[in-house]
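Report on the following structure.
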2 protein chains.
Amino acid sequence: MTQATIAYADSHTEDHLTELIELVSIPSISTLREHIPDVREAAQWVGDQMVDIGLEDVRIFATQKHPVVFGQWTKAGPDAPTVLVYGHYDVQPADPLDEWRTEPFEPTIQDGNLYARGASDDKGQLFVHLKSVQSYFETAGALPVNMKFMIEGEEEIGSPNLGDFIDDHRERLSADVALVSDSSILAPDQPSIVYGLRGLAYTEVVVTGPDHDLHSGSFGGGVRNPANALAGIIAGLKDSDGRITVPGFYDNVRLDAEERETLAKVPFDEGGFRREVGVEKLWGEATYTTLERITGRPTLDVNGIWGGFTGEGAKTVIPSRAAAKISMRLVPDQDPERVIRIFSEYVEELAPPEVQVEVRTHAGAVPVLVDRDTPAIEAAMTAYERGFGRAPAFTREGGTIPVVGMFAAKLGIPTVLMGFGLPDDRLHSPNEKFNIDNFYKGIHTSIYFLNALAANE
Amino acid sequence: MTQATIAYADSHTEDHLTELIELVSIPSISTLREHIPDVREAAQWVGDQMVDIGLEDVRIFATQKHPVVFGQWTKAGPDAPTVLVYGHYDVQPADPLDEWRTEPFEPTIQDGNLYARGASDDKGQLFVHLKSVQSYFETAGALPVNMKFMIEGEEEIGSPNLGDFIDDHRERLSADVALVSDSSILAPDQPSIVYGLRGLAYTEVVVTGPDHDLHSGSFGGGVRNPANALAGIIAGLKDSDGRITVPGFYDNVRLDAEERETLAKVPFDEGGFRREVGVEKLWGEATYTTLERITGRPTLDVNGIWGGFTGEGAKTVIPSRAAAKISMRLVPDQDPERVIRIFSEYVEELAPPEVQVEVRTHAGAVPVLVDRDTPAIEAAMTAYERGFGRAPAFTREGGTIPVVGMFAAKLGIPTVLMGFGLPDDRLHSPNEKFNIDNFYKGIHTSIYFLNALAANE
């Protein structure tokens, strides 16, 4: 049976790619108000696609912000396992636009890759499973397992309404395992299964001094400059060893000797990573390897900073205000709420008394470690081995997928993180791409996974 | 004779104000490319005005960037002194626009003030002398001294071409004394003569890390973040006492005990200064008074900072680049070129080895101290006393007027800094204004000055 399904997928690669190009053409940037209509359009597109391929009970649920698209097929019977596929149809902003070699929302095929914002994160990856399901329906008229799809539109802004949505639809979403493809494998010839994800605490620190911009000649020297003060606060958040100085920050960090041994065995390409970053020298927390730093250790980064005159030339002002977006990637068992609280307290402490400082919270997500010893993970290993011709490695991921923590807490189910991206996909950056070969291999892997899962249970 | 001239000025106040409103309506922002036509228009307006009031040899000289307007009247005879009036018709950018209560280029009269960008800095102040000259021509048909006007359009970008212009026109500009009205008096009832000006060294520090913006999840922890690095550099430029840490920075600073005594006697309104700034607490270099900090001591301020994602919401990037405009106000005998050199070296030293740092120079100007014991200063004292009804105090100014150093070095002449602004004029800030009463008193003072200067020599 599986062979016919695989054959169907192989004879429709062009159709599948054409459809994916349609989806990534929609600039569904969830963080920018002006793109609300595009976000709606992408949701509608995903819903229509679900109906087209044969999913049932398709609905687009409104939330406080962007809708969730749901569809299912539950006719495999009560004894067959139920898989809940999660993905997100929203994307990151495309700026800086001038660094794109192609238009971010005019998908372009070059060297076996599809270049577009959202190609890998996450439209291309979520689409894999829709095409796998379609291939089953077209060849077998049925799926080997029960399936539910929940595709959201707020992942790139931290999934603020997804928790409530899951609470409100617990029955509808009930499943045995969640399947999420929103991560990368180690290399084209080295598939991998992610068993750890970092969490997120995203803040905005606003420093206010004078109640208006001042002439730096008439006032300079006599008043605390909020931009200088902000720089001092940021500089005070890390020491010269790259350690974060927020008191208590590392209290709940769990990365034991056994795990460090596992990570040490991962065939991580440090040279490739360095070249992908585009720097001469990497840097990070002392006494940890690069792979540990980017997956198993928490971080603190300025994501944006602004204040005063930023046009061309010279304007001699002392700005009234300066601000920075500062986010921390968290690892088990750090708690985002606690981290934001101790971060805010420390920022207050670092701020000189002549300025006001305000810390706003944009998003939080819990870090996750998944159990590697389950039937679903076994099925995923089989599927990768057949789809990519090589057994997958186990690794952690540095990124954050807020929903994984919610699935554990709210639905009590494990998640299989079945990534099809590559480390050089430039997620969130200019020139994001999705490897087209991985797209097709991904559809194979998804087909094999559903089959193996049905057989395993 | 002077009485008739004063009477003429008094009977034409409305005309004079109407004309000034015309001039400040022109958005002649010298630092922004899109305002080049407006800068040209302002130059033409000033040239036309010179012709209208009776100046001769009026010419608009092109430079590498913005033109210099010249006009003169030299029929007072070879024994009469020659005064070279300097002013600038260009203005600072108006942003942040949303903090203006009126439109910056739709001059508005409120509470005896004229609100508009450039009203005080420097259109209103330079216009005082044109109206003084006009009053003489209309009543006496002549001036008591020879006069030359040089009105430039690049002051707000650091007068990059004025040095060359003066070199090229040394003969044309030859004079006995320069007269510059581009500063403030201490209070409406306390005129003052500025005898010291700070210089300027304006730089832009650009820090580059990764060759493109990175996903902070996939890469965070493994790479030096240029925005964090920039913050560290800025924080390293001052210690907790507010002292600038650039090695050798204070080497040539001259503020001796005698001068500190002079400054201690200035009726400086610290409470008013604090309220004007709009902060609860002032701050500056330890062991110095506020007046010393803002006039006699050098400074280092961030004028603008930017990098990464600065839109609304959350974008999880590590920026490829971050930059800051950092300027230093200098005092005698600091040399801008040397300061920029040692600053750049120190910034390089502070920068971590995993980023590239580049220091660009926007502008430099030498600091100035003028001799208080000259016939011209004596004439200015007399003029202020008659114009404002009170003897002027001597004080230093925190701002920079690049031309004053050039007059000393290139033409070998002293400058009288005859300000008519007030400390709360909000130069370079939203809601800049010029006190209309000071405008009229300024015209009186200019008339008295020319008369006293002719009598003194």
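For helix B:336-350, what angle does its Cα long axis make with the longest principal axis of chain B, in degrees from 0 to 90 and rounded to 10?
So the helix axis and the longest Cα principal axis differ by about 10 degrees.
First obtain the Kirkwood hydrodynamic radius of the stretch B:385-438 from its Cα pairs, then insert it into the Stokes-Einstein equation at 4 °C and 1.567 mPa s, and state the resulting D in µm² per second as a whole number.
Working: Rh = 13.7 Å.
Rounded to a whole number, D works out at 95 µm²/s.
If I model a spin label at A:Glu258 and A:Arg274 as a point 7 Å from the Cα along the Cα→Cβ vector, what separation in nanometres do I get?
It works out to 3.3 nm between the two label points.
Give me the Debye-computed log₁₀ of I(q)/I(0) at q = 0.09, 0.15, 0.16 Å⁻¹ for the stretch A:133-271, equal point scatterers on Cα only, no solvent, two decimals.
Each listed q maps to, in turn, -0.62, -1.15, -1.21.
May I ask what percent, to the nearest 5, of DSSP beta bridges between residues of the stretch B:1-153 are antiparallel?
Details: 12 of 20 bridges.
Rounded to the nearest five, the antiparallel share is 60 percent.
Using a label position 7 Å from Cα in the Cα→Cβ direction, what is the ascending list of nm distances from A:Arg360 to the same site in the other copies?
Spelled out, the distances from A:Arg360's label point are 2.9 nm.
Can you list the residues, at least 5 places off or on another chain, whose amide H is less than 5 Å from the amide H of B:Ser192, using H built in the peptide plane?
It is B:Leu186, B:Ala393, by chain and number.
How shielded is B:246-253 by partner chains, expressed as the average number of their Cβ atoms within 10 Å of its Cβ atoms? Before the final figure, lay out the partial values.
On the way: counts 0, 0, 0, 0, 0, 0, 0, 0.
For this peptide, the per-residue mean of nearby foreign Cβ atoms is 0.
Need one number: nm distance between label points at B:Asp241 and B:Arg40, each 7 Å from Cα along Cα→Cβ, rounded to one decimal.
The answer from the label model is 5.4 nm.
Positive end of the dipole of the stretch B:79-237, charges at C-beta (+1 Lys, Arg; -1 Asp, Glu), about the Cα centre: which of B:Leu230, B:Leu173, B:Gly153 has its Cα farthest in that direction?
B:Leu230
Ratio of Rg to Rh for the stretch B:15-113, alpha carbon only, Kirkwood? Walk me through the numbers on the way to the answer.
Working: Rg = 16.1 Å, Rh = 15.5 Å.
With Rg and the Kirkwood Rh in hand, the quotient comes to 1.04.
What is the distance, in nm, between label points placed 7 Å from the Cα along the Cα-to-Cβ direction at B:Glu138 and at A:Ala7?
Here the answer is 10.2 nm between the modelled labels.
Please give the per residue volume of the convex hull enclosing the alpha carbon atoms of the stretch B:96-199, rounded to a whole number of Å³. Each step should come with its number before you reach the end.
Working: hull volume 18.8 nm³, N = 104.
Normalising the Cα hull of the stretch B:96-199 by residue number yields 181 Å³.
Any idea what % of Cα-Cα pairs in chain B are farther than 38 Å?
Numbers: 26521 of 104196 pairs.
When every Cα pair of chain B is considered, 25 percent fall beyond 38 Å.
In the protein assembly as shown, how does Rg compare with the Kirkwood Rh, expressed as the Rg/Rh ratio over alpha carbon atoms?
For the protein assembly as shown, the value is 1.11.
Going down the list B:Lys131/B:Lys265; B:Lys281/B:Lys433; B:Lys131/B:Lys433, which pairs span over 23 Å between their C-alpha atoms? Intermediate values should be presented prior to the final figure.
Details: B:Lys131/B:Lys265 34 Å; B:Lys281/B:Lys433 25 Å; B:Lys131/B:Lys433 19 Å.
As for pairs spanning more than 23 Å Cα to Cα, those are B:Lys131/B:Lys265; B:Lys281/B:Lys433.
Regarding the stretch B:337-457, what are the three Cα extents along the principal axes, ordered largest first, in Å?
For the stretch B:337-457, the Cα extents along the three principal axes come out at 65, 37, 20 Å.
Mind listing the label-point distances from B:Glu41 to the same position on all other copies, shortest first, one decimal in nm, points 7 Å along Cα→Cβ?
Label point to label point, same position, other copies: 3.9 nm.
Can you tell me the order of B:245-252, A:283-290 when each peptide is scored by its average per-residue count of other Cβ atoms within 10 angstrom, highest first? Display every interim value, and only then the final one.
Working: B:245-252: 15.0, A:283-290: 16.9.
My ranking of the peptides, most packed first, is A:283-290, B:245-252.
What list of ³J(HN,Hα) values in whole Hz, one per residue of the stretch A:232-246 in order, does the Karplus curve 6.51 cos²θ - 1.76 cosθ + 1.60 (θ = phi - 60°) give from phi, with Gly and Pro shown as x?
x, 4, 4, 4, x, 7, 9, 9, 6, 8, x, 8, 6, 9, 4
Please state the equivalent ellipsoid semi-axes for the stretch A:148-210: what are the square roots of 5 times the Cα gyration tensor eigenvalues, largest first, in whole Å? Don't skip to the answer; put the middle values down first.
Details: eigenvalues 177, 108, 17 Å².
Working from the Cα gyration tensor, I get semi-axes of 30, 23, 9 Å.
Using only Cα positions of the stretch A:265-353, each an equal point scatterer, no hydration layer, compute I(q)/I(0) via Debye at q = 0.10, 0.14, 0.16, 0.23 Å⁻¹ and quote the log10 values to two decimals.
Listed by q, the Debye log ratios stand at -0.45, -0.79, -0.92, -1.20.
Run the helix sum for chain B: -39,500 (n - 2.57) per DSSP H stretch of 4+ residues, divided by residue count, reported at 222 nm to the nearest 500 deg cm²/dmol. Could the numbers behind the result be given before it?
Numbers: 14 runs with 154 residues, N = 457.
That comes out to -10000 deg cm²/dmol.
If one takes the longest principal axis of the Cα atoms in chain B, at what angle in degrees, from 0 to 90 and to the nearest 10, does the Cα axis of helix B:36-53 lie?
10 degrees
Extension gain A:Glu349-A:Ile109, at 0.36 nm per residue separation less the Cα-Cα distance, in nm? Mind dumping the intermediate values first?
Values: separation 240, 0.36 × 240 = 86.40 nm, distance 5.11 nm.
Length gained between A:Glu349 and A:Ile109: 81.3 nm.
Roughly how crowded by other chains is peptide A:322-333, in terms of the mean Cβ count from those chains within 10 Å of each of its Cβ atoms? Walk me through the intermediate numbers first.
On the way: counts 5, 2, 8, 10, 2, 8, 2, 6, 0, 1, 0, 0.
Mean shielding count: 4.
Can you check what the net charge comes to around B:Thr82, using other residues whose Cβ is under 9 Å from the Cβ of B:Thr82 (Lys, Arg +1; Asp, Glu -1)?
Working: positive: B:Lys148; negative: B:Asp176.
Surrounding charge for B:Thr82 is 0.
Over the stretch B:195-336, what per residue volume does the convex hull of the Cα atoms give, in whole Å³?
On the way: hull volume 21.5 nm³, N = 142.
In the stretch B:195-336, the Cα hull volume divided by residue count equals 152 Å³.
Against the longest alpha carbon principal axis of chain B, how many degrees, from 0 to 90 and to the nearest 10, is the axis of helix B:2-11 turned?
60 degrees
So if we plug the beta-carbon distance of A:Ala391 and A:Asp57 into 1/(1 + (r/R0)^6) with R0 = 35 Å, what FRET efficiency do we get, rounded to 0.05? Intermediate results must be reported in sequence, preceding the final value.
Working: r = 37 Å, r/R0 = 1.05.
Once rounded, the FRET efficiency stands at 0.45.
What net charge do the residues around B:Thr63 carry, taking every other residue with its C-beta under 11 Å from that of B:Thr63, with Lys and Arg at +1 and Asp and Glu at -1? All intermediate terms of the calculation are to be shown ahead of the outcome.
Numbers: positive: B:Lys65; negative: B:Glu152, B:Glu154, B:Asp164, B:Asp168.
Net local charge, B:Thr63 excluded: -3.
For a distance above 22 Å, tell me the whole-number percent of Cα pairs in the stretch A:305-391 that qualify. Could the numbers behind the result be given before it?
On the way: 2170 of 3741 pairs.
The calculated P(r) of the stretch A:305-391 puts 58 percent of pairs beyond 22 Å.
Please give me the summed charge of the neighbours of B:Glu19: other residues whose Cβ is under 13 Å from its Cβ, Lys and Arg +1, Asp and Glu -1.
Numbers: positive: B:Lys123, B:Lys131; negative: B:Glu14, B:Asp15, B:Glu22, B:Asp48, B:Asp52.
Cβ neighbours under 13 Å give a net charge of -3.
Leaving out same-chain residues fewer than 8 places away, which lysines sit with a Cα under 21 Å from that of B:Lys325?
Here the lysines satisfying the reach criterion relative to B:Lys325 are A:Lys315, A:Lys325, B:Lys238.
Give the separation of the Cα centroids, the stretch B:27-103 to the stretch B:259-297, in Å.
Spelled out, the Cα-based centre of one part sits 33 Å from the other.
Where the label is 7 Å out from Cα toward Cβ, how close does A:Glu106 come to the same position in every other copy, in nm, shortest first?
So the distances to the same position in the other copies read 4.0 nm.
Report, as an integer, the average count of C-beta atoms from other chains found within 10 Å of each Cβ along A:24-36.
Values: counts 0, 0, 0, 0, 0, 3, 2, 6, 4, 3, 0, 0, 0.
Mean partner shielding for this stretch: 1.
Since every read-out is calculated from the coordinates, none of them should be taken as a lab result. Given the structure is predicted, the values throughout are model-derived calculations rather than measurements. FYI the Cβ positions are ideal-geometry reconstructions off the backbone, even for glycines, and counts take in every protein chain you see.
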